[in-house]
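Bear in mind these aren't lab numbers, they're just calculated from the coordinates by the rules spelled out. From a predicted model like this one, the values you see are computed outputs, not experimental measurements. Cβ sites come from the backbone with ideal geometry, for glycine too, and all protein chains shown count toward neighbours.
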Amino acid sequence: MAGCFSFAAARDRWHRRSFSRAGLRSATVRLHGGATTVRCWAPRAPNPAKPCVVLIHGFGANATWQWDALLRPLLARFNVYVPDLLFFGGSFSARPERTESFQAGCMAAAMDALGVRRASLVGISYGAFVGYRLAAEYPDRVDRVALCCAGVCLEEKDLGEGLFAVDDLREAAAILIPRRPADLCKLMDLSLVHPPRRVPSCFLSDFIQVMCMDYVEEKTELLRAIIKDRKLSELPKIPHVGIFIISMETLILWAEKDQIFPLELGHRLNRHLEGNSRLVIIKNAGHAVNIEKPKEFSRHLKAFLLAS
């Protein structure tokens, strides 16, 4: 694609300009003596009268691509922070840790650096794994948490028991971190109820080249870390801190026809949280529910975040 117009690169610039026009700036936070860099979109002038909300993206392109459609409905009522997780967008770490707990610690440290003491969290897919850990390990920093299409209750044995459309980690990594047009088509088929048809391969190749070729090995290790030896019995419950119980409400938002993390995992998570959560199912939507049903998705999030 060298020397040719890149639609993906142009779209990426458009998303960044959209965030900037909305009043956000791209901030860079360095942690661990410079070994870790977290990029986060943050308000240019935070309003101390507004609560804060942190939007945590999943696998895919980067934070701006996944949250642009949801940004403006929240800005009127919240100070909105949108970080890139490690190995996505402008975030990176030279350290070897790949767990969602390490990601959560980095996000908490970045919020400290940006002056955010408490916030509500919205995490989608892999971002909800990180959001869950933030809520479980830093409950005094979290007001409310919305977990969207988040397979945090999966167990490693589920891979071999037919719960998922793809039951091999290598195949899952090839789809979630696509490097061929056929893999990207498969990802769209699994993520959308009505995927686009007959997308020219040049567009698919362009998107892969611009958005998917960085940190492939590190992202594969992130996937391996969330599955390896995972057991529901070892998943902490939110919320608690020490001997004190904190009343932290949790919204579980799921797509009815999710093929990446099937709806059964939403029911499993709701049972795991033992009455301190509410499961809302969006009909006729797939895993990319924030893209397929942005208005309905946004309506549920706003209602939950504002119901304090």
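Relative to the Cα centre, the charge distribution of the range 149-308, modelled as +1 at Lys and Arg Cβ and -1 at Asp and Glu Cβ, gives a dipole magnitude of about 560 debye. Which percentage, to the nearest 5, of the DSSP beta bridges contained in the chain is antiparallel? So the antiparallel bridges in the chain amount to around 35 percent. In whole angstrom, the range 7-77 maps to an equivalent ellipsoid with semi-axes of 20, 19, 12, each derived as √(5λ) from the alpha carbon gyration tensor and ordered largest first. The residue list VAL29, ILE238, ALA76 was ranked by how far each Cα lies along the charge dipole of the chain toward its positive end, using unit charges on Cβ atoms, and ALA76 comes out on top. Between GLU234 and GLU256, the modelled label-to-label distance comes to 3.7 nm, taking each label 7 Å out from Cα in the direction of the beta carbon.
Rounded to the nearest 20, the Cβ-based charge dipole of the range 48-139 about its Cα centre (Lys and Arg +1, Asp and Glu -1) stands at 260 debye.
When the Cα positions of ALA10, CYS153, MET111 are compared along the charge dipole of the chain, ALA10 comes out farthest toward the positive end, with charges on each C-beta of Lys, Arg, Asp and Glu. The label point for VAL216 and the one for GLU97, both projected 7 Å from the Cα toward the Cβ, are 2.8 nm apart.
Normalised by residue count, the range 75-212 yields a Cα convex hull volume of 159 Å³ per residue. Per-residue ellipticity at 222 nm from helix content only, as computed over the chain with -39500 (n - 2.57) for each DSSP H run of at least four residues, stands at -12000 deg cm²/dmol. The residues packed around PHE19, meaning those with a beta-carbon under 9 Å from its beta-carbon, carry a net charge of +3 if Lys and Arg are +1 and Asp and Glu are -1.
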